[in-house]
1. Once Lys and Arg get +1 and Asp and Glu get -1 on their Cβ, which of V215, V200, L64 lies farthest toward the positive end of the dipole of the chain?
2. To the nearest 20 debye, what is the magnitude of the charge dipole of region 89-147 about its Cα centre, counting +1 on the Cβ of each Lys and Arg and -1 on the Cβ of each Asp and Glu?
3. Residue farthest toward the positive end of the dipole of region 4-275, with Cβ of Lys/Arg at +1 and Asp/Glu at -1: which of V82, V274, A224?
4. Compare the peptides 192-200, 114-122 by average per-residue count of other Cβ atoms within 10 angstrom and give them in order, highest first.
5. Between L265 and D153, how many nm apart are label points set 7 Å from Cα along the C-beta direction?
6. What's the exposure ranking of C226, C91, going from fewest to most Cβ atoms within 10 Å?
7. Is any helix in the chain, taking whole DSSP H runs, at least 24 angstrom long along its axis by alpha carbon and on average at least -1.0 on the Kyte-Doolittle scale, and which ones?
8. Any idea what the dipole of the chain comes to, in debye rounded to 20, about its Cα centre with Lys/Arg Cβ at +1 and Asp/Glu Cβ at -1?
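The numbers here are math on the coordinates, done by the rules we state, and not lab data. Being a predicted model, the structure only gives us computed values, none of them experimental. Glycine also receives a Cβ, built like all others from the backbone with ideal geometry; neighbour counts cover every protein chain displayed.
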Amino acid sequence: MSTLSDVQRAIETREARWVAAETEYSAVPMSSINGLFGLTVGPDTERRIAAAGEAAIGFNAAPLPKKINWRSHDEANWVTPVKGQRTCGSCVSFAVVATMESMARLAARNPDLAIDLSEADLFFCGGRNCGEGWEVPGALQRASEHGVGLEIDFPYTPVDQACRSIPPAYRVSHWRVLRSREQRKAALAEDGPIIGCMKVYNDFRYYKTGIYEHVQGDQVGLHAVCIVGYDDTEGCWIVKNSWSETFGEDGYFRIKYGECCIDDLFASYALNVVPVSPVA
């Protein structure tokens, strides 16, 4: 397992643009590390993508802006606060909910919309448990067919929970698959935050600030996240994580284009949401 000094030496050797430090996540023992992630990808993932019939993207061919960040777009923050999955493999639920919350604010044209959806409702009522994780298309299908209720009605705790019957507040009305880097950037520029998927290596747990790229250590898992922007000048994606605000840059990280398969091997997902019942 990589140590901090190993990672720091590798950063210096590679002249990478990020800073490593001891974090609460670097201290998680290997026996519990899978709980930091939870993304699964397999034949069923591709089957669900094909069944959705949404792989063809008809985005505007107009030139894209050099930078988009939905935390400060039009002088407003369209992204809800960072939450923490802790050591339960529920990253897919957190990524889907984070994206739904932002898209609800954008649909309402209100960056101050008070919305806090329940990751527990999506994850545990979707029949998942902390040890097995989930695939993104399965979570999107659940959020489309059943919707997602409010956190206040089904609070998340990082242990397996029995499903509670709560009313849905929002549901996914439409989702589409993004395959290329340009499709991802177009979706971010024209619509809003998207769901991303990536490989995680041991050195990522030491991330403190900067533009991450893998420099040292083995792959330790697969992770789903919410991509909230990009920056062509820096050559990176701007990403909301689900490891609480203590991780990285106040819960966010920046990652180099092409790194950890975030914009090539794995699909990303854009979505739209509609309210199911009034939200106070």
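1. Result: L64.
2. Details: 4 positive and 8 negative charges, 28 e Å.
Around 140 debye, computed over region 89-147.
3. Towards the positive end, the residue furthest out is V274.
4. Numbers: 192-200: 24.9, 114-122: 23.0.
Packing proxy ranking, top to bottom: 192-200, 114-122.
5. Here the modelled spin labels are 3.9 nm apart.
6. Values: C226 26, C91 29.
Least crowded to most crowded, the residues run C226, C91.
7. Details: long enough: 91-108 (26 Å, 1.34).
The qualifying helices are 91-108.
8. Values: 27 positive and 36 negative charges, 73 e Å.
So the dipole magnitude of the chain works out to roughly 360 debye.
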